[in-house]
1. Evaluate segment 91-108: report whether one residue or more is among the basic types (K, R), open to solvent by 40 Å² or more (accessible area, probe 1.4 Å), in contact with a Lys or Arg (Cβ under 9 Å, 6 or more places away or on another chain) and closer than 30 Å to T2 by Cβ.
2. Considering every residue within segment 146-169, establish whether at least one is within 16 Å of ligand 2 (Cβ to nearest atom), under 12 Å from the mean Cα position of the chain (by Cα), in a loop (DSSP other than H, G, I, E, B) and modelled with pLDDT of 85 or more.
3. Is there any pair linking a residue in segment 66-86 that is surrounded by fewer than 13 Cβ atoms within 10 Å (Cβ to Cβ) to one that is modelled with pLDDT under 60, with Cβ under 6 Å and at least six apart or on different chains, and which?
4. When you go through (1) more than 16 Å from ligand 2 (Cβ to nearest atom); (2) more than 20 Å from K61 (Cα to Cα); (3) within 14 Å of the chain's Cα centre (by Cα) one by one for G176, which number turns out not to apply?
5. Inspect all residues belonging to segment 200-210 and state whether any of them is more than 16 Å from ligand 2 (Cβ to nearest atom), part of a strand (DSSP E or B), surrounded by 16 or more Cβ atoms within 10 Å (Cβ to Cβ) and free of Cβ contacts under 8 Å to residues at least 40 places away in the same chain.
6. For segment 182-199, which positions are without any contact (Cβ under 8 Å) to a residue 24 or more places away in the chain and within 15 Å of ligand 2 (Cβ to nearest atom)?
7. From the list F13, F57, pick out the single residue that is open to solvent by 20 Å² or more (accessible area, probe 1.4 Å) and either within 21 Å of L211 (Cα to Cα) or among the charged types (D, E, K, R) (or both).
8. Can you pull out the strands (runs of 3 or more DSSP E) entirely within segment 5-121 that have at least 2 residues that are under 24 Å from V218 (Cβ atoms), in contact with a Phe, Trp or Tyr (Cβ under 9 Å, 6 or more places away or on another chain) and within 16 Å of ligand 1 (Cβ to nearest atom)?
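The values are calculated or read from the model by the stated rules, or taken from the named source; none is laboratory data. Not measured: the values here are computed from a predicted model. Note that each Cβ is placed from the backbone with ideal geometry, even for glycine, and that neighbours are counted across all protein chains shown. Remember, those area values only see protein heavy atoms, side chains included, never the ligands or the DNA or RNA. Shrake-Rupley method; radii C 1.70, N 1.55, O 1.52, S 1.80 Å.
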Amino acid sequence: MTQELVATRFGGFPTAEEGETWPLCDGCADDLTFVAQVDHSRDGLHDRLPISFFTFFYCWKCHPWGRRRELGGWLVRSYTALRHPKVLVHGTEPDFEECHAVPRLEKSLPDAVGMCLHCPELWDLVPGDSGSPEAWANWRVVDRAALGLTQGRARAPHMRNVAVALGGYPHWANGGDETPVCTQCILPMELLLQIPPSELTDAMWGDVGTLYLFMCRVHTQQTGLRIQCT
Ligand SMILES: [Zn+2]
Ligand SMILES: [Zn+2]
């Protein structure tokens, strides 16, 4: 029963701790919209964070465009354990239709943009000045190294995380790495959830926006949001 309550899903109604109420937007004080919940302890990709479960809410009225607003307009509720999980019903119909996902628990590799930050040992194998324009021409070297790391599975490692990702590494849809840093420890945060346009949800961020949700590995109350549009 508990397992079902905390199952990873997009849309429908979220699971919360008994007694918790529907979250309000700290920007406009209106109800937030439930987007997704993730059974992180079961479905999170490798290098899991010290939480077991989280829910994610967003405000389309405030529509925070990650970079400019660290606070307001969205919320992550995370839990190390749910003592009395309960479905939090709100209104008669959920904002988005309930959809389920079956995760592929494989090793995730960063894409070209995130390689330098997330995988320096791999990036160091790129000849020349790592990160320089010349280095982009050496993808075969990176591919070969990635094949070694994944025992031959990831032929195109930089394409691995293009889809909905429950952790692992972000795949930046358009532009440079925007991984936020924790304001407490100044270390880069870890990816919690990446939602590109997908059949899993009708939630949209701009025309073709991809949403990235981050959390500090140590300070789990510190979360970050980024959006990139193609
Ligand atoms: Zn709002
Ligand atoms: Zn931190």
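1. So in segment 91-108, the residues among the basic types (K, R) come out as 104, 107.
When the remaining residues are screened for being open to solvent by 40 Å² or more (accessible area, probe 1.4 Å), the result is 104, 107.
Still in the running and in contact with a Lys or Arg (Cβ under 9 Å, 6 or more places away or on another chain): 107.
Pick out the ones that are also closer than 30 Å to T2 by Cβ and you get 107.
Scanning segment 91-108 turns up at least one residue that is among the basic types (K, R), open to solvent by 40 Å² or more (accessible area, probe 1.4 Å), in contact with a Lys or Arg (Cβ under 9 Å, 6 or more places away or on another chain) and closer than 30 Å to T2 by Cβ.
2. To start, the set of residues in segment 146-169 that are within 16 Å of ligand 2 (Cβ to nearest atom) comprises none.
Within segment 146-169, none of the residues are within 16 Å of ligand 2 (Cβ to nearest atom), under 12 Å from the mean Cα position of the chain (by Cα), in a loop (DSSP other than H, G, I, E, B) and modelled with pLDDT of 85 or more.
3. Every condition considered, no pair remains.
4. Every listed condition holds for G176 apart from (3).
5. Kept after step one, since they are more than 16 Å from ligand 2 (Cβ to nearest atom), are these residues of segment 200-210: 200-210.
After this cut, where a residue has to be part of a strand (DSSP E or B) as well, the list is 201, 209-210.
Of the ones still in play, those that are also surrounded by 16 or more Cβ atoms within 10 Å (Cβ to Cβ) are 201, 209-210.
Those still in the list that are free of Cβ contacts under 8 Å to residues at least 40 places away in the same chain too: 209-210.
Yes: segment 200-210 contains one or more residues that are more than 16 Å from ligand 2 (Cβ to nearest atom), part of a strand (DSSP E or B), surrounded by 16 or more Cβ atoms within 10 Å (Cβ to Cβ) and free of Cβ contacts under 8 Å to residues at least 40 places away in the same chain.
6. First pass over segment 182-199, keeping only residues without any contact (Cβ under 8 Å) to a residue 24 or more places away in the chain: 186, 197.
Within segment 182-199, I186 is the sole residue that qualifies.
7. Values: F57 fails: open to solvent by 20 Å² or more (accessible area, probe 1.4 Å).
Sole residue among the options that is open to solvent by 20 Å² or more (accessible area, probe 1.4 Å) and either within 21 Å of L211 (Cα to Cα) or among the charged types (D, E, K, R) (or both): F13.
8. Values: elements: 15-17, 33-38, 53-58, 74-79, 85-87.
It comes to 53-58, 74-79.
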